Amino acid sequence: MSSTNAPAPAASAKPLPTASAQDFPTDFVWGVATSAFQIEGAHDADGKGPSIWDTFCRQPGTIADGSNGDVACEHYARWESDLDLIRDLGVDAYRFSVSWPRVRPTGDGEWNEAGLAFYERLVDGLLARGMKPYLTLNHWDLPQALQDLGGWGHRATVDRFVEYAIGIAKRLGHKVASVATHNEPWVVAQLGHETGIFAPGLKDRRLAAQVSHHLLLSHGLAVTAMRALNLPASLGIVLNMAPMYPATDSDADRARARLEDGKLRRWYMDPLFKGRYPQDVLDFLGDDAPHVEPGDMAKIQVPIDFLGINYYSRGMVSADDSFDPKQSGLELTDMGWEVYPQGLTDLLVSVHRDYPDARRLYVTENGGAFPDPVGADGRVHDADRTRYLDTHIAAVGEAIRQGVPMAGYMVWSLMDNFEWASGYEKRFGIVHVDYVTQRRTPKDSALAYRDFVLARRATRQG
Ligand code: FCB
């Protein structure tokens, strides 16, 4: 890793021991993922407009460590050496997002050439290093100016998003491998508009339901508009999911688990693949169900080329909300999330069973936050994360053995970064970032992942 300022990697990093390289198809894509707001910094550089996350971070009490994304990992300035770092991991693909307010500062009107040029350099830099760019349009950083007009609750934002998608597709769609419309619309709707713990920090269940509908509608319309451009990039969406298990076999727990699965997974998957919202969740929402105009559902249910799934942990559901992960006996990550690789197999198998039209599945995010002290030797011996990745990759291999059409796997995250409401306190990277010096140090998990991917490549060629 001569191109980074990291110490030379240990010569004999152990490859991930459980995951077997043989389980994966030869064209399986191995990658690492980030998002714009979490790494770029340069919050007002070169004409960038403010996003709702810039605003949200400035409200007292929203971010655990009182931090913001102003500087983050300085990726906007350090993108070239960061691309070298990714190349040195040996991966096939890099999943990143475009900051909407960097390329169109108010979400309407003038485009910002400096912002567009940044992403063009990034994409060209990936291609020059032999990696596939996987682009996400909306990883949550809506232009603040659009929020001021009503944000995702306002139907006109759908049109602004479609314009944004077309603008990016025209500029980069002939170079990138894939374009995802949204990352985790559930988070935007739920955490942004119902619980209010994420930007824009609103607490209104009815609004949240309407936001989810506008996100889905904007996805469908953007896919249709981008499809008309006849670009080589594959088009899709990324959803967060967790298999929901009833905590006991009681009817009440099973019913509640079914509802939670409906709110998280079927609420998005049914419109995308079946053209309707699930009736049980509509009943649950009652008067708070979204306003849907005639024709909307058909606009949402347009064919997509891939579905990205982000998986971190399982959901254990009890009707009285009494389940406590601390008592489950499972290892917990620094986020307090249970480590449960079997859940990933169960999830992928069930998605394939329930939605056979989703023909190309990616795990677009998977990983864990762990405390990660830097050792006396200057390295990060993150055996916990290495084990997490190993067992979850093995879980993907098991899903493939069970017939699930998996196309790729991407680690969240390339490097430690701004973890939303947790600020910089939670580290998800396989590369450690010292936020004082901006020094990047590949952790043991990065070296293990690299060796696994390289072994995979040897199998591919052999
Ligand atoms: C996902 C987000 C990603 C990151 C991980 C830990 O919900 O898509 O940006 O924060 O969680």
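Structure summary
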item: Burial ranking of peptide ranges 287-295, 29-37 (average Cβ count within 10 Å, highest at the top); result: 29-37, 287-295
item: Qualifying lysines (Cα of each under 21 Å from Cα of Lys132; at least 8 residues distant if same chain); result: Lys170, Lys175
item: Stretch gain in nm, segment Arg359-Ala117, where the contour uses 0.36 nm per residue and the Cα spacing is subtracted; result: 83.8 nm
item: Among 192-202, 329-339, 400-410, the order from most to least packed when residues are scored by Cβ within 10 Å on average; result: 192-202, 400-410, 329-339
item: Order of exposure, largest accessible area first, which applies to Lys326, Lys274 with probe 1.4 Å; result: Lys326, Lys274
item: Extended-chain gain in nm, criterion 0.36 nm per residue less alpha-carbon gap, Asp148 and Val374; result: 77.1 nm
item: Fully extended contour minus Cα-Cα distance, from Thr437 to Ala289, at 0.36 nm per residue; result: 48.4 nm
item: Relative contact order (%) - region 370-432, alpha-carbon pairs under 8 angstrom, separation at least six; result: 28
item: In Å², nearest 10: area of Asp251 left accessible to a 1.4 Å probe; result: 130
item: Kirkwood hydrodynamic radius over Cα pairs of region 294-409, then Stokes diffusion coefficient at 37 °C and 0.692 mPa s, in µm²/s; result: 201
item: Quarter of the Cα convex hull surface for region 110-158, i.e. its orientation-mean projected area (nm²); result: 4.3
item: Cβ-based net charge around Met226, under 13 Å, with every Lys or Arg adding one and every Asp or Glu removing one; result: +1
item: Sites Val302 and Gln402, calculated FRET efficiency, Cβ-Cβ separation with R0 30 Å, nearest 0.05; result: 0.60
item: Solvent-accessible area, 1.4 Å probe, carbon plus sulfur percent, for the chain; result: 53
item: In range of the label at Thr248: residues from region 286-316 whose backbone nitrogen is under 17 Å from the point 7 Å along Cα→Cβ; result: 316
item: Bridge type composition, region 19-461 - antiparallel percent by DSSP, nearest 5; result: 15
item: Only Lys, Arg (+1) and Asp, Glu (-1) charged, at Cβ; region 19-461 dipole about Cα centre in debye; result: 1240
item: Span from the region 269-320 Cα centroid across to the region 124-191 one, whole angstrom; result: 20
item: Surface per residue (accessible, 1.4 Å probe) for the chain, Å²; result: 37
item: Dimensionless Rg ratio for region 61-149, taking C-alpha atoms and the 2.2 N^0.38 Å reference; result: 1.23
item: Helix runs (DSSP H) in the chain reaching 18 Å along axis by Cα, Kyte-Doolittle at least -1.0; result: 113-128, 156-172, 205-227, 341-354, 383-401, 444-461
item: Distance from region 100-121 to region 42-83 (C-alpha centre basis), Å; result: 16
item: Relative contact order (%) - region 203-307, alpha-carbon pairs under 8 angstrom, separation at least six; result: 42
item: Size of the chain as Cα extents on the principal axes (Å, biggest first); result: 61, 57, 47
item: Computed over the chain: relative contact order in percent, which uses C-alpha pairs under 8 Å that are six or more apart; result: 20
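The values are calculated or read from the model by the stated rules, or taken from the named source; none is laboratory data. As the structure is a computational prediction, the values presented were derived from the model and not from experiment. Every residue, glycine among them, receives a Cβ derived from its backbone with ideal geometry; neighbour counts consider all protein chains shown. For accessibility, only protein heavy atoms count, side chains too; no ligands or nucleic acids. Shrake-Rupley method; radii C 1.70, N 1.55, O 1.52, S 1.80 Å.
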